[in-house]
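Asker: Dropping the structure in here first, questions after.
The values are calculated or read from the model by the stated rules, or taken from the named source; none is laboratory data. Since the model is a prediction, treat every value here as computed from it, not as a measurement. Glycine also receives a Cβ, built like all others from the backbone with ideal geometry; neighbour counts cover every protein chain displayed.
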Amino acid sequence: MSEANIPPWLQEELARYDQLQQTLQALLAQKQQVDLELADVERAIEELSKESDDAQVYKISGSIMIRSTKQDLLKDLGERKELANTRRTIISKQEEKVRQSLQEVQAKVNQALKGPATA
């Protein structure tokens, strides 16, 4: 089937399919980034938990290191972890919707391609 023989609605569905695939790839990249951030935060919490309560600890703010307390850092890390988990949940829901849309569009395209052969 040449492009000239493809009905306009099917061309639109194919373009939508490509766009959905790109969206899915972007979501997967974002999800991977959030997963890396979560792993980093969890490692930091684990290492910080090994330290005594009165240990000198530092956090990075921009391009400088600032002295802090273990409790403040654990609180900050806990908030970062909670935010990352929320972001991951949102991205997962978006991913699920995009995958569902991809399946619907793929079914339409497959039906359109099978239609003329059976008629």
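Asker: Only residues that are among the basic types (Lys, Arg) and surrounded by 14 or more Cβ atoms within 10 Å (Cβ to Cβ): list them for the stretch 61-76, please.
Answerer: Correct list: 70 only.
Asker: Could you grab me the full set of residues in the stretch 34-76 that are over 30 Å from the mean Cα position of the chain (by Cα) and charged (D, E, K, R)?
Answerer: Matches in the stretch 34-76: 50, 51, 53, 54, 67, 70.
Asker: Can I ask one more? Which number in (1) of a type outside the set (Lys, Arg); (2) in contact with a Phe, Trp or Tyr (Cβ under 8 Å, 6 or more places away or on another chain); (3) surrounded by fewer than 11 Cβ atoms within 10 Å (Cβ to Cβ) marks the one condition that residue 54 misses?
Answerer: Checking residue 54 against (1) of a type outside the set (Lys, Arg); (2) in contact with a Phe, Trp or Tyr (Cβ under 8 Å, 6 or more places away or on another chain); (3) surrounded by fewer than 11 Cβ atoms within 10 Å (Cβ to Cβ), the one that fails is (2).
Asker: Continuing with this model, one more query. When both residues are 6+ apart or on different chains and their Cβ atoms are under 8 Å apart, which pairs have a first residue that lies in the stretch 8-23 and is closer than 14 Å to residue 110 by Cα, and a second that is basic (Lys, Arg)?
Answerer: 13/108
Asker: Spot the failing condition for residue 113; the list is (1) among the aliphatic types (A, V, I, L, M); (2) modelled with pLDDT under 95; (3) in contact with a helix residue (DSSP H, G or I) (Cβ under 7 Å, 6 or more places away or on another chain); (4) surrounded by 11 or more Cβ atoms within 10 Å (Cβ to Cβ), and only one is missed.
Answerer: It is condition (3) that residue 113 fails.
Asker: Quick one: would you say residue 31 is closer than 30 Å to residue 12 by Cβ, modelled with pLDDT of 95 or more and among the basic types (Lys, Arg)?
Answerer: Here the answer is yes, as residue 31 does meet what is asked.
Asker: Separate question: At pLDDT 95 or above, among the aliphatic types (A, V, I, L, M) and exposed (fewer than 14 other Cβ atoms within 10 Å of the Cβ): does that describe residue 36?
Answerer: Yes; evaluated as a whole, the condition is true for this residue.
Asker: Are any residues in the stretch 77-110 hydrophobic (A, V, I, L, M, F, W, C), under 30 Å from residue 12 (Cα atoms), surrounded by fewer than 16 Cβ atoms within 10 Å (Cβ to Cβ) and under 15 Å from the mean Cα position of the chain (by Cα), and if so, which ones?
Answerer: Passing the criteria: only 90.
Asker: Does residue 30 satisfy the criteria of being closer than 27 Å to residue 93 by Cα, of a type outside the set (Lys, Arg) and surrounded by 15 or more Cβ atoms within 10 Å (Cβ to Cβ)?
Answerer: So residue 30 fits the description; yes.
Asker: Could you count how many residues in the stretch 28-66 are in a helix (DSSP H, G or I) and either free of Cβ contacts under 8 Å to residues at least 60 places away in the same chain or touching a strand residue (DSSP E or B) at 6+ places or on another chain (Cβ under 6 Å) (or both)?
Answerer: 20
Asker: Let me ask another. Please work out if residue 101 is of a type in the set (Ser, Thr, Tyr), in contact with a Leu (Cβ under 9 Å, 6 or more places away or on another chain) and touching a residue at least 40 places away in the same chain (Cβ under 8 Å).
Answerer: yes
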